[in-house]
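The structure appears right after this line, and notes come after that.
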Amino acid sequence: MDNAHLRLAVEAARAGAVELMARRDDRVVREKAPKDLVTDADLASQKAIREILTQGHPDYAFVGEEEGENDPPASVLAGDSDAPPCWVVDPLDGTVNYVHQLQSFAVSIGLYSAGKMRLGVIYDPTRDEMFTAVDGQGAFCNEKPISSSDCTQLDESLIACSFRAGVTGDSPEVTRFVKVLERCRSLRRLGSCALNMCYVAAGRLDGYWATNVAAWDSAAGTVIAREAGAVLEGYGGEAFDDWNPKFCVSATPELQSRLTEQLSGT
């Protein structure tokens, strides 16, 4: 991926954020599923993003959270050599926070090509923070380099996690939460997968795990975290799957080992 792709994705992320902020005080909310919200802002943001990205590369595939555009082409999933690059977009990651007028929501744009996420752009309009990364070129926040922390000990770490909508008390997710809560310094549930991954990349969090997010939630963040030096694996220590993201990301290999040890087997 070259800088032209990055510039296009940054332009699209800002355009999506304009739609979000314009509707923040007067949004229309409905449930896609129990406790799973969508707003008119999600839809307007995705439309604005899609228009810019497809104008720039009309031959590329597009996957977005809204409007039934959830599935990548079979050739992309299969890793065919002639498969087109695929934009993977979450127009509003952190919808519940947005609906309740909390911070911690963002626009997320990833680009998948040749079997791997290659580019990530995540924009937080409330803090005017633009996180970016291109495969092999490092990670940045507002064009300044970022890197993960040097934390190696679970009892010294600040960790975040994501739960699915409507999680119940007997869920394995709650069991994992309690196991880590008992051993880390503190545990947060901030409400945005994309920003959690950026915060690990920037050293604000030391680790993060999620077992019920979608590809568009994590796509851009995987590139940003990886390029910042963080360790990204399946939450049981297995290889990470871009299209089925059940994962753990940590600042260091030592912390990753200790965190995945707590998460595995539940």
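The values are calculated or read from the model by the stated rules, or taken from the named source; none is laboratory data. Note that this is a predicted model, so its numbers are computed, not measured. In this analysis, Cβ positions are derived from the backbone assuming ideal geometry, glycine residues included, and neighbour counts consider all displayed protein chains. To get the accessible areas, we keep the full protein, side chains included, count just its heavy atoms, and leave off ligands, DNA and RNA. Shrake-Rupley method; radii C 1.70, N 1.55, O 1.52, S 1.80 Å.
Computed over all pairs of different Cα atoms, the Kirkwood value for the hydrodynamic radius of region 178-266 is 12.7 Å. Treating r as the C-beta distance of Thr54 and Ser186 and R0 as 51 Å, the FRET efficiency rounds to 0.75.
The angle separating the long axis of helix 253-263 from the principal Cα axis of greatest extent in the chain is about 80 degrees.
I'd like to check one number: the per residue accessible area of the chain, probe 1.4 Å, reported in Å² as a whole number.
Details: 11290 Å² over 266 residues.
Per residue, the chain has 42 Å² of solvent-accessible surface.
In the calculated pair distance distribution of region 55-175, what percentage of Cα-Cα distances lie above 24 Å? Mind showing how you got there, number by number?
Numbers: 3378 of 7260 pairs.
Everything past 24 Å amounts to 47 percent.
Could you calculate the contour length gain from Asn3 to Ala165, that is, 0.36 nm times the residue separation minus the distance between their Cα atoms, to one decimal place in nm?
On the way: separation 162, 0.36 × 162 = 58.32 nm, distance 3.65 nm.
Result for the pair: 54.7 nm of gain on full extension.
For region 70-171, which GluC sites (Glu not before Pro) are both in a DSSP coil and crowded by at most 11 other Cβ atoms within 10 Å?
Working: sites: Glu129, Glu143, Glu156; in loops: Glu143.
For GluC sites (Glu not before Pro) across region 70-171 that sit outside H, G, I, E and B with at most 11 neighbouring Cβ atoms in 10 Å, the list reads Glu143.
Hand me the trypsin sites (Lys or Arg not before Pro) from region 181-215 located in a DSSP loop with no more than 13 other Cβ atoms within 10 Å, in residue order please. Counting only loop positions with at most 13 other Cβ atoms within 10 Å, the trypsin sites (Lys or Arg not before Pro) in region 181-215 are Arg185, Arg189.
Distances longer than 29 Å among the Cα atoms of the chain: what percent of all pairs is that? Before the final figure, lay out each step's value.
Numbers: 9256 of 35245 pairs.
When all Cα pairs of the chain are counted, 26 percent exceed 29 Å.
Here region 109-144 and region 176-222 have alpha carbon centers that stand 17 Å from each other.
Think of the chain as a dipole: +1 on every Lys or Arg Cβ, -1 on every Asp or Glu Cβ, centred on the Cα centre; then among Thr260, Trp243, Pro91, Thr260 lies furthest on the positive end.
Find how much the distance from Glu261 to Glu129 grows on full extension, using 0.36 nm per residue of separation minus their present alpha carbon separation; answer in nm with one decimal. Let's see the in-between values first.
Numbers: separation 132, 0.36 × 132 = 47.52 nm, distance 3.29 nm.
Between Glu261 and Glu129, full extension yields 44.2 nm more.
Please report, as a whole percent, how much of the solvent-accessible surface of the chain comes from carbon and sulfur atoms (probe radius 1.4 Å).
Values: 5140 of 11290 Å².
Exposed carbon and sulfur together represent 46 percent of the surface.
Note on Glu11/Gln103: beta-carbon distance plugged into 1/(1 + (r/R0)^6) with R0 of 30 Å gives a FRET efficiency of 0.80.
Relative to the longest principal axis of the Cα atoms of the chain, the long axis of helix 3-23 makes an angle of roughly 90 degrees. When the helices of the chain are scored as -39500 (n - 2.57) per DSSP H run of n ≥ 4 and the total is divided over every residue, the value at 222 nm lands at -10500 deg cm²/dmol.
Of all the Cα-Cα pairs you can form in region 55-122, what percent are over 19 Å apart? Please report the intermediate quantities before stating the final value.
Working: 893 of 2278 pairs.
Beyond 19 Å sits 39 percent of the P(r) for region 55-122.
Taking every alpha-carbon pair in region 106-208 and binning the separations at 10 Å intervals from zero gives 14, 38, 32, 15, 0 percent. Put the Cα centre of region 247-264 next to the Cα centre of region 41-83 and the gap is 32 Å.
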